[in-house]
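Here's the structure we're looking at; comments come further down.
The values are calculated or read from the model by the stated rules, or taken from the named source; none is laboratory data. Note that the coordinates shown come from a computational prediction; the quantities given were computed from them, not determined experimentally. In this analysis, Cβ positions are derived from the backbone assuming ideal geometry, glycine residues included, and neighbour counts consider all displayed protein chains. Accessible surface areas use protein heavy atoms only, side chains included; no ligands, DNA or RNA. Shrake-Rupley method; radii C 1.70, N 1.55, O 1.52, S 1.80 Å.
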Amino acid sequence: MQRIVVLAGGIGGARFLRGLKSAAPEADITVIGNTGDDIHLFGLKVCPDLDTVMYTLGGGIHEEQGWGRADETFAVKEELAAYGVGPEWFGLGDRDFATHIVRTQMTAAGYPLSAVTEALCRRWQPGVRLLPMSDDRVETHVLVDDPDGEGRKAVHFQEYWVRLRASVPAHAVVPVGAEEAKPAPGVLEAIAGADVVLFPPSNPVVSVGTILAVPGVREAVEAAAAPVVGLSPIVGDAPVRGMADKVLAAVGVEATAAAVAGHYGAGLLDGWLVDTVDAGCVDRVEAAGIRCRAVPLMMTDLPATARMAAEALRLAEEVRA
Ligand SMILES: O=c1nc2n(C[C@H](O)[C@H](O)[C@H](O)CO)c3cc(O)ccc3cc-2c(=O)[nH]1
């Protein structure tokens, strides 16, 4: 059975995984999820990217939004607001709250996040093994021009993304706690034992980049016997969704498919898929030592996404040969 390891962020990663499952229904898929987006609110631990993968593959996601639960209601949020308790800019729904209550209760009882995630997945049956990148707390902060005053300040990634809509200049992205974090149980073993490692079209800085920032993970991917293939989240010099261009600028990387490949580098990537509109950069990526193909990369529906995943697996076979 083919063992596939995927380093995934939130919405882009989750939708790609749905296509991958369809393209490789027999494969044994391990997902290493980003937890740098995690936030503690109302005394609860919220893990947006793990939940987005779990709900998307488990059939509970709000399809149009891409995050949160389908058929959601917001009574708890409204009641909290009536007490003047915020933040009001982060939309936690009633059904979603239950997930965070269970997670927080298990965490308080001493279970590591990896065990909690496994327990939550027992309900959702995502059809993949979902591992947090680490059981240790890592929180991505973004250094921005202070939106409410002079100078600069560091804000939590969710405040930058959701409250500020990435509209203020970002100067640095810091995965606080990453340096001291250890990979969660099973992470390094999964990478070492993989037949293929995939980087979905997730944010290269705050999603895949944060996973790679956990000491040992980047080294394991570099050392992996398996081919490592990524799919560009940038199509035609703009992110397909989200605001990846803003955080790429913060780390000094151009928002182009070729520049993102260069940012990962040939030490990490063996293969890179760009969209057909970016076919002009294939030679440049190959000159940098990364096998590159141009194929349609818009995840418009499940068949289109499954074709992208199949192309990634095909490229992996090609670089292996
Ligand atoms: O744009 C938003 N994204 C929301 N997201 C998505 C999230 O902020 C980001 O898209 C990811 O962290 C980026 O990967 C949520 C995700 C959850 O799991 C739970 C609650 C939210 C709430 C919001 C929200 O209010 N607005």
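What whole-number distance in Å separates the alpha-carbon centres of region 1-70 and region 127-164?
Distance between centres, Cα-based: 18 Å.
If the only charges are +1 at each Lys and Arg Cβ and -1 at each Asp and Glu Cβ, what is the size of the charge dipole of region 1-62 around the Cα centre, to the nearest 20 debye?
In total the dipole reaches around 140 debye.
Can you sort V168, V260 by solvent-accessible area, 1.4 Å probe, largest first?
The residues order as V168, V260, largest area first.
Restricting to lysines 8 or more places apart or on different chains, can you count the pairs in the chain with Cα atoms under 26 Å from each other?
So the count of such lysine pairs works out to 4.
Take every DSSP beta bridge with both residues inside the chain and express the antiparallel ones as a percent of the total, to the nearest 5.
For the chain, the DSSP antiparallel bridge percentage is about 45.
Can you compute the helix-only [θ] at 222 nm over the chain? Use -39500 (n - 2.57) per DSSP H run of at least 4 residues, normalise by all residues, nearest 500 deg cm²/dmol.
-10500 deg cm²/dmol, from helical runs alone.
Report, to the nearest 10°, how far helix 48-58 tilts away from the longest principal axis of the Cα atoms in the chain, using its own Cα long axis and a range of 0 to 90°.
Tilt relative to the chain: about 70 degrees.
Dipole of the chain (Lys/Arg Cβ +1, Asp/Glu Cβ -1, origin at the Cα centre): which of A24, T140, G86 lies farthest to the positive side?
Checked the options; the winner is A24.
Of D148, D245, D37, which has the most accessible area with a 1.4 Å probe, and how do the rest follow in descending order?
Listed by decreasing accessible area, they come as D148, D245, D37.
When the dipole is taken about the Cα centre of region 168-282, and only Lys, Arg (+1) and Asp, Glu (-1) are charged at their Cβ, what size is it in debye, to the nearest 20?
240 debye
Classify region 266-321 as rounded, prolate or oblate, taking a ≥ b ≥ c as the square roots of the eigenvalues of its Cα gyration tensor: rounded when a/c is under 1.5, otherwise prolate if a/b is larger than b/c and oblate if not.
Note, shape of region 266-321 comes out oblate.
Rounded to the nearest 10 degrees, what's the angle between the helix 113-124 long axis and the longest principal axis of the chain, both from Cα atoms, 0 to 90?
Once rounded, one gets 90 degrees.
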